[in-house]
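Trainee: I am attaching a structure below and will ask some questions about it afterwards.
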Amino acid sequence: MNNIDGTLNNEVGSVSSRAYIFLSSLAFLFSLSKPPDVILLVFSAAPSTAFDDNPHAQGAETIVSQWDLTEDRSWIPGFLQSIFYVGFMPGTIVFGQLSDRYGRKKISVIGYILVLIFQVITGFCQNWQQFAVCRAISGFLVGGLSVVTTILIQETTGSKLWVLNGALGAIGFTANMLAFLWVAYLYPSWRQMYFITTIPGILGFVFLYIVPESPRWLLSRGKPDSAEEVMQKLSRWNGSPHTEYALLPGNAKERQDEGHQNENRLMLQQNYEYAQQEQDASRDEEGSIIDLIRKPVLRYRAAILSLQWFTASFVFYGITLGSGSFSSNFYVAYLISGLSQLPSIPFTIYLMERRWAGRRRTLVCFMGLAALCMFVMYIVSFGQDRSNYELTLLVFGKLGICGAFDLIYVYTAELFPTVVRNVGLGSMSFWARVGGVIAPFLANLAVFSGSNDPFLAFGIVGLLSSVFAAFLPETRAKLIPNTFEEAELQEEDNDENSCNSITC
């Protein structure tokens, strides 16, 4: 096992390690406290009938009622929901490139400060044009921040726990939606929502202050001494004695415990050799978004993953933003929609780590489940019991698409090498935002006109994603690539395993 991956798995590669418990708790606090983008999208532009069952809504205003966005201006609420993801798209790429160059933590801190500032500014908007500009800028910042913080958490823990990290991130996202649902219920006026939901966001700085810079990024940038300091910090969190990791050639010392001298001597030699390789690679390889097109292995992976990210977002937000059609009570409908995301998390964790399922087959099945539910919604007429069957199909459809969404965050990080991992994840997330831009218009079509056509669109892209996902390499129990060369070796290893599985 290579140096940095093995060292991280040793220090932060077990759910029982104190360092991992501390880091994951901080990450969950960050997910729970940051501004609830989906809640703000749904409830700031909610129809007037959404507040019929809310005793706190007397005199409450949405952007629809305050700026009279009805009749010939009824397209504007959908546009204002989509404009957030228009900004989200370039944010994922720009922040990914910046964090690959300047560091995950530094860009995360700057981005989060700006997110909270523009959250407050949005609450002072006087017309829908100002609101659109602020939401586009917020989308740019939130998009970039989501990519960088995801990579920061992944690269600061052992690769053995990346699946669990993805699952915990999904739980944090859902918990954020459900927790702030109560804020939307108690303070339904859109301005109040924007101001009040900013306050808990201050807790997010606890995570950003304590979490260290990614040791993987530091090593890939030729800074092994800084990576050494991060690993020693993680070791102290675990309550371990001071340890030298030999990430910098010549700085390693054998431990004093004679019983471990031979083991340490071998480990230090391996660390020395790998540190040399890492520094050589960091000088020779300056990763950028162009490499996703220039390198054949990365090019085909990026093409398939782009489709996966587009579909996951397109179907997920189509169902979520259209959740008001599930029930006559807008809040109950949204609660059901949020709760239906939770079962996907344990399924994802279980299936991704099974040898007979893994990442690839699990993704194929989840996309297929979502596509099947959407096709049934489009084809079958349920008569008077339509609403009950619709609810069942939409819950299972969301189970499938949420499972796929949870999985692709982890899968994408494992398929791109460290030198382009952040910009790779940012670029793939860009296509998710394309889906997010289109989804609100189709969701409104399904809710307000009763048309089944959006479900046909959801089903077609889901089926295509399921088919093409089968062409990605399996990454379960494989080393995480740090360089372009290692990514190519990962592909060759996958081809050999595939060949052996069919007795070539």
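The values are calculated or read from the model by the stated rules, or taken from the named source; none is laboratory data. Here the structure is a predicted model, which is why all the values come from computation and not from measurement. Using ideal geometry, Cβ is built from the backbone for each residue, glycine included, and neighbour counts are taken over all protein chains shown. The accessibility values were calculated without ligands, DNA or RNA, using every heavy atom of the protein model including side chains. Shrake-Rupley method; radii C 1.70, N 1.55, O 1.52, S 1.80 Å.
Trainee: Could you grab me the full set of residues in segment 349-362 that are modelled with pLDDT of 85 or more and assigned to a helix (DSSP H, G or I)?
Mentor: Y350, L351, M352, G358, R359, R360, R361, T362
Trainee: Can you run down the residue pairs with Cβ atoms below 6 Å, 6 or more apart or on separate chains, where the first is in segment 137-155 and in a helix (DSSP H, G or I) and the partner is open to solvent by 10 Å² or more (accessible area, probe 1.4 Å) and of a type in the set (S, T, N, Q)?
Mentor: These pairs meet every condition: I153/N165; Q154/N165.
Trainee: Further question on the same structure: How many of the residues making up segment 1-54 are under 19 Å from the mean Cα position of the chain (by Cα) and part of a loop (DSSP other than H, G, I, E, B)?
Mentor: Total meeting the criteria: 3.
Trainee: Another one. Here are F88, F95, F84, F30: which of them is open to solvent by less than 70 Å² (accessible area, probe 1.4 Å), in contact with a helix residue (DSSP H, G or I) (Cβ under 6 Å, 6 or more places away or on another chain) and within 22 Å of R221 (Cβ to Cβ)?
Mentor: Exactly one residue qualifies, and that residue is F95.
Trainee: How about segment 408-504: which helices (runs of 4 or more DSSP H) wholly inside it have at least 2 residues that are within 25 Å of the chain's Cα centre (by Cα), among the basic types (K, R) and modelled with pLDDT under 90?
Mentor: Ranges flagged: 418-449.
Trainee: Report yes if some residue within segment 251-262 is open to solvent by 20 Å² or more (accessible area, probe 1.4 Å), modelled with pLDDT of 85 or more, in contact with a helix residue (DSSP H, G or I) (Cβ under 9 Å, 6 or more places away or on another chain) and in a loop (DSSP other than H, G, I, E, B); otherwise report no.
Mentor: Looking through segment 251-262, none of the residues is open to solvent by 20 Å² or more (accessible area, probe 1.4 Å), modelled with pLDDT of 85 or more, in contact with a helix residue (DSSP H, G or I) (Cβ under 9 Å, 6 or more places away or on another chain) and in a loop (DSSP other than H, G, I, E, B).
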